[in-house]
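What follows is a short report on a single structure.
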Amino acid sequence: MSLSESDCSTYIPFQETGFFSKMMCDYLEKSEKITSFYHNFPDHKGFENQIDEKKKAFSKEHRNVLVEVLKNQYSNVYVSEKTLENINLLNDENTFTITTGHQLNLFTGPLYFLYKIISAINLAEELGEKFPEQNFVPVYWMATEDHDFDEINYFNFRGKKIQWNSDQTGGVGRFSTEGLAEVLQVFTQEIGSSRNAKYLEELFSKAYVNHEKLADATRYIANELFKDFGLIIIDADDAKLKNLFSPYVVKDLTDSVSFKEVSTTNSILEENYKIQVNPREINLFYLTDTIRERIILEEGVYKVNNTPLSFSKEEILEEVKNHPERFSPNVIMRPLYQEVILPNLCYIGGGGELAYWMQLKAYFEKVSVPFPILLLRNSVQVISEKQFGKLERLSISLQELFLKQQDLVAKKVNENAEVSFDFASQKQTLKQQFSSLRNIAAQTDASFVGAVNAQEKKQMKGLLNLEKRLLRAEKRKQSDSVKRITDLQNSILPNQSLEERQRNFSEYYLEYGNDFIQTLKHELKPLQLEFFVLVK
């Protein structure tokens with residue numbers, strides 16, 4: 001089956017979906033409350049400024065090391081002509097990266113894995129057209145040093161959880177793929193025997209059965225899906241790359257630079273927004289093949305949490321010098337590591353990711369590293385033509401689809417009722433009446449104002465209760481319509497959440513094959529800064 005975009009497909013503002021935070025909405029609207037927490041805005045002017053700044057700050061030495069490491073990482077991987085060209089271009093001072101990152105989720109995890117990478121690819125192409133004298137290459141940063149195995153060891157397929165169980169510890173990129181052949185057997189029982197099913201089975205098998213390490217398996221999948229677009233996949237768990245970062249590791253071990261700067265930022269940011277991450281005095285882990293544990297400073301001694309390992313100041317600085325690969329940045333320092341080793345202009349991520357990046361700008365300034373442009377990744381909701389037809393018959397617009405279910409049901413039930421039970425006008429009248437009564441009370445005896453307020457609260461509560469009772473009665477009367485509305489919304493938004501956070505790409509690949517990726521590649525516009533509804 002082929003996939004083609006319907007004329008009904010559309011972009012809608014992120015703000016109208018109800019799924020994006022106040023911080024992200026303020027960022028998209030360039031609110032004054034958020035401007036001090038980011039640098040250049042993601043538009044053409046912002047990129048022009050960022051290019052000039054990064055070009056001056058990024059050294060030839062770092063480019064040489066980066067290219068050497070990438071060529072080594074691709075030495076046993078099929079590398080497309082386009083990707084190899086992009087790797088070689090990184091030697092050129094006029095070449096810059098557009099980066100997105102993601103955990104090593106089993107079989108890519110949630111759908112937005114695709115949307116992140118396609119956003120990076122499309123933005124690199126758009127900037128290439130806008131600034132032809134420069135080169136822009138898309139990069140996928142694998143979170144190989146992450147240790148939250150429970151977050152990545154499964155994916156959802158048609159509502160079922162397909163899970164890999166393992167008791168390995170340490171950075172997940174170094175995990176053995178042992179046990180994934182059994183997971184493949186479970187998956188193949190679910191997908192059937194179509195041509196697309198055979199491709200998915202082969203992709204899973206060649207990735208996880210034919211590769212010994214999770215990082216290599218993940219690189220294989222991403223490379224297979226996106227190699228034709230020149231995507232560069234990087235594993236930053238590398239001694240030569242870590243050596244470039246070692247001066248910043250030393251600063252954090254000896255001066256707690258990140259802790260001081262991020263703590264100060266958080267105290268300001270939390271006046272208006274929720275804080276995503278809190279810094280520690282040392283924001284580094286000690287990493288080996290079997291452990292990734294926090295480094296803690298206690299009474300002048302550097303200790304590795306949950307282990308007998310300890311170092312004096314002189315010993316740990318010697319350890320950084322001789323074994324930089326053993327020092328792994330946490331969520332606070334990982335963004336800095338990325339910007340130190342890449343000639344990067346922009347980081348593309350989800351709302352939660354960008355929220356913690358917003359906490360880091362002052363830290364970047366303190367250590368004199370350019371803070372990248374932050375771009376909210378493309379988000380997509382896929383709706384079949386059959387589902388779209390049902391929405392039309394129920395008079396539900398694409399914008400209304402994203403209402404909270406109780407609000408959507410109430411709105412549609414009220415629209416279909418013979419007599420409206422929406423008491424908005426009555427509530428407004430009541431407020432006006434009590435406003436007048438408050439003025440009279442204040443002029444007569446100020447002590448009466450409290451009594452007026454109490455009476456207003458009582459009557460407003462009575463009006464709300466009456467409204468709720470009428471709604472319940474009307475829902476019973478329209479029970480068939482209510483069920484169709486809730487069933488349809490649940491099928492489109494699983495668990496009342498965006499499907500991109502729940503479903504795996506294999507569901508759509510099984511039906512549409514590579515056309516699914518090609519359609520997304522054609523339609524997604526990273527700098528439009530809106531949510532895309534794809535009606536297929």
For this session: Give me the distance between the Cα centres of segment 386-454 and segment 202-228, rounded to whole Å.
Result: 54
Exercise. In nm, to one decimal, how far is the modelled label at Ile296 from the one at Ser384, with both set 7 Å along Cα→Cβ?
Worked result: 5.3
Problem set entry | Burial ordering of Cys8, Cys346, fewest other beta-carbon atoms within 10 Å first | Cys8, Cys346
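Let me have the relative contact order for segment 423-477, percent, based on Cα pairs under 8 Å that are six or more residues apart.
Relative contact order of segment 423-477: 36 percent.
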Exercise. When the Karplus curve 6.51 cos²θ - 1.76 cosθ + 1.60 is applied with θ = phi - 60°, which whole-Hz ³J(HN,Hα) does each residue of segment 387-399 get, with x for Gly and Pro?
Worked result: 5, 5, x, 5, 4, 4, 5, 8, 6, 9, 6, 4, 5
For this session: Could you pull out every residue, at least 5 positions away or on a different chain, whose amide H is within less than 5 Å of the one on Cys346? Hs are placed 1.01 Å off N in the peptide plane, and Pro or chain starts have none.
Result: Thr99, Ile373
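May I ask you to derive the FRET efficiency for Ala442 and Arg484 from their Cβ-Cβ distance with R0 = 51 Å, giving the value to the nearest 0.05? Mind dumping the intermediate values first?
On the way: r = 52 Å, r/R0 = 1.02.
Between Ala442 and Arg484 the formula returns 0.50.
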Exercise. What lysines could a cross-link reach from Lys227, if we take a straight Cα to Cα line under 21 Å and drop same-chain neighbours fewer than 8 places away?
Worked result: Lys71, Lys82, Lys116, Lys198, Lys206, Lys213, Lys521, Lys525
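When only Cα pairs under 8 Å and 6 or more residues apart are kept, what is the percent relative contact order across the chain? Can you show the working numbers first?
Values: 804 pairs, mean separation 135.7, N = 536.
Relative CO of the chain lands at 25 percent.
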For this session: Using amide H atoms built 1.01 Å from N in the peptide plane, name the residues 5+ places from Phe96, or on other chains, whose amide H lies under 5 Å from its own.
Result: Asn135, Phe136, Val137
Problem set entry | In degrees, nearest ten, helix 424-444 long axis to first principal axis of the chain (Cα) | 80
Problem set entry | Dipole-positive endmost among Thr99, Ile191, Gln405 within the chain (Cβ charges, Cα centre) | Gln405
For this session: With a point put 7 Å past each Cα toward its Cβ, work out how far Gln459 is from Glu16 in nm, to one decimal.
Result: 3.7
Seminar exercise, completed: Per its Cα gyration tensor (rounded if a/c is under 1.5, else prolate when a/b beats b/c, else oblate), segment 1-92 is best filed as oblate
Seminar exercise, completed: For the chain, the Cα-Cα pair-distance distribution in 10 Å bins from 0, as whole percents, is 3, 16, 24, 24, 16, 9, 6, 2, 0
Exercise. Helix 214-226 sits at what angle to the longest principal axis of the chain, using alpha carbons and giving 0 to 90 degrees rounded to 10?
Worked result: 70
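Can you give the direction-averaged projected area of the convex hull of the alpha-carbon atoms in segment 282-426, in nm²? Walk me through the numbers on the way to the answer.
Details: hull surface 69.1 nm².
Result: 17.3 nm².
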For this session: Report, in debye and to the nearest 20, how large the dipole of the chain comes out about its Cα centre when Lys and Arg carry +1 and Asp and Glu carry -1 on their Cβ.
Result: 2060
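Taking the Cβ of each residue in Met142, Met358, Met460 as the centre, tally the other Cβ atoms inside 10 Å and list the residues starting with the fewest. Numbers along the way, then the final one.
Working: Met142 24, Met358 21, Met460 16.
Fewest-to-most ranking of Met142, Met358, Met460: Met460, Met358, Met142.
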For this session: Mind giving me the nanometre distance, one decimal, between the label points for Ala451 and Glu523, set 7 Å out from Cα along Cα→Cβ?
Result: 6.3
Problem set entry | Whole-Hz couplings from phi, Karplus 6.51/-1.76/1.60, listed for segment 409-415; x for Gly and Pro | 4, 4, 5, 6, 5, 5, 5
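About the Cα centre, and with charges only on the beta carbon of Lys, Arg (+1) and Asp, Glu (-1), how big is the dipole of segment 423-477? Nearest 20 debye, please.
Details: 12 positive and 4 negative charges, 113 e Å.
In debye, rounded to 20, segment 423-477 gives about 540.
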For this session: Only Lys, Arg, Asp and Glu count, each charged at its Cβ (+1, +1, -1, -1), so figure out the dipole size of segment 209-351 about its Cα centre, rounded to 20 debye.
Result: 140
Exercise. To the nearest 10 degrees, how steeply does helix 257-269 sit against the main Cα axis of the chain, on a 0 to 90 scale?
Worked result: 10
Exercise. Lysine pairs, Cα distance under 17 Å, 8 or more residues apart or cross-chain: how many in segment 423-477?
Worked result: 10
Seminar exercise, completed: Spelling it out for Val382: with amide H atoms placed in the peptide plane at 1.01 Å from N, the residues 5 or more places away or on another chain with amide H under 5 Å from its amide H are Leu534
Exercise. Along the positive direction of the dipole of the chain (beta-carbon charges: Lys, Arg +1; Asp, Glu -1; about the Cα centre), which of Ile485, Leu498, Phe285 reaches farthest?
Worked result: Ile485
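Tell me, Ser258, Ser491 in order of fewest to most beta-carbon neighbours within 10 Å? Kindly include the intermediate steps, with their values, before the conclusion.
Details: Ser258 26, Ser491 13.
Fewest-to-most Cβ neighbours within 10 Å comes out as Ser491, Ser258.
Pairs of alpha-carbon atoms within less than 8 angstrom and 6+ residues apart define the contacts here; what relative contact order does segment 1-145 have, in percent? Could the numbers behind the result be given before it?
Values: 101 pairs, mean separation 28.4, N = 145.
It rounds to 20 percent for segment 1-145.
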For this session: Among Pro42, Pro13, Val65, flag the residue with its Cα farthest along the positive direction of the charge dipole of segment 13-73, charges on Cβ as +1 for Lys/Arg and -1 for Asp/Glu.
Result: Val65
Exercise. By how many nm would the segment from Ser395 to Gln433 lengthen if fully extended, with 0.36 nm per residue of separation less the alpha-carbon distance?
Worked result: 10.1 nm
For this session: For segment 455-521 and segment 73-93, compute the distance between their C-alpha centroids and round to whole Å.
Result: 45
Exercise. In whole Hz, what ³J(HN,Hα) sequence does segment 300-311 give by Karplus (6.51, -1.76, 1.60; θ = phi - 60°), x for Gly and Pro?
Worked result: x, 10, 8, 10, 9, 3, 6, 9, x, 5, 8, 9
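Read the figures in this text as sums done on the coordinates, not as results from a lab. As the structure is a computational prediction, the values presented were derived from the model and not from experiment. Every residue, glycine as well, gets a Cβ built from its backbone with ideal geometry; the counts of neighbours run over all protein chains shown.
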